[in-house]
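S.K.: Supplied in structure tokens, the structure appears directly below.
The values are calculated or read from the model by the stated rules, or taken from the named source; none is laboratory data. If you're wondering where the values come from, they're calculated on a predicted model, not measured in any experiment. Here the Cβ positions follow ideal geometry from the backbone for every residue, glycine too, while neighbour counts run over all protein chains shown. SASA here: full protein model, heavy atoms, side chains in, ligands and nucleic acids out. Shrake-Rupley method; radii C 1.70, N 1.55, O 1.52, S 1.80 Å.
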Amino acid sequence: MKENDLLKIEFETWCESEGFKVQKEQVFKNIMGTDRRFRADYLLTLNDMQIIVEINGGHWISGRHNRGKGYENDLVKSNLAQTHGFKYLQYTYGQLKKLLYVADLKKLLTR
């Protein structure tokens, strides 16, 4: 199994241990009032809080998220989620490895 896959499993396991319902690959038109077919890597739900988490790769090799059209689409996607009331977090695989999501999600849990 690839390291990135293991990092995702570790992320999912931690989220579930904190009480989040973890759903993968959620299409925006199915979770909010839009016809857009963007996909959320993860939708985390706890009580009335909904958090979209994106895991972005390719930033060291000028991947899709760093090129003009891909970057603009990512901004449209994140703004759409936020204007529909979702919290929106983004991480790289390096940040997953450093467990940066732990502090961010714990902070959201205490609000």
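S.K.: Leaving out ligands, DNA and RNA, and with a 1.4 Å probe, what % of the accessible surface on the chain is carbon or sulfur?
M.R.: Values: 3390 of 7020 Å².
Roughly 48 percent of what the probe reaches on the chain is carbon or sulfur.
S.K.: Among PHE38, PHE28, what's the order by accessible area (1.4 angstrom probe), most exposed first?
M.R.: Working: PHE38 35, PHE28 0 Å².
Most to least solvent-accessible, the answer reads PHE38, PHE28.
S.K.: Taking the Cα centre of the chain as the origin, how large is its charge dipole in debye, to the nearest 20, when only Lys and Arg (+1) and Asp and Glu (-1) carry charge on their Cβ atoms?
M.R.: On the way: 18 positive and 14 negative charges, 59 e Å.
Using only the charged Cβ atoms, the result is roughly 280 debye.
S.K.: What distance in nm lies between label points placed 7 Å from Cα along the C-beta direction at GLU3 and GLN95?
M.R.: Roughly 1.8 nm, to one decimal.
S.K.: What does the accessible area per residue of the chain come to in Å², with a 1.4 Å probe and no ligands, DNA or RNA counted? All intermediate terms of the calculation are to be shown ahead of the outcome.
M.R.: Details: 7020 Å² over 111 residues.
Accessible area per residue: 63 Å².
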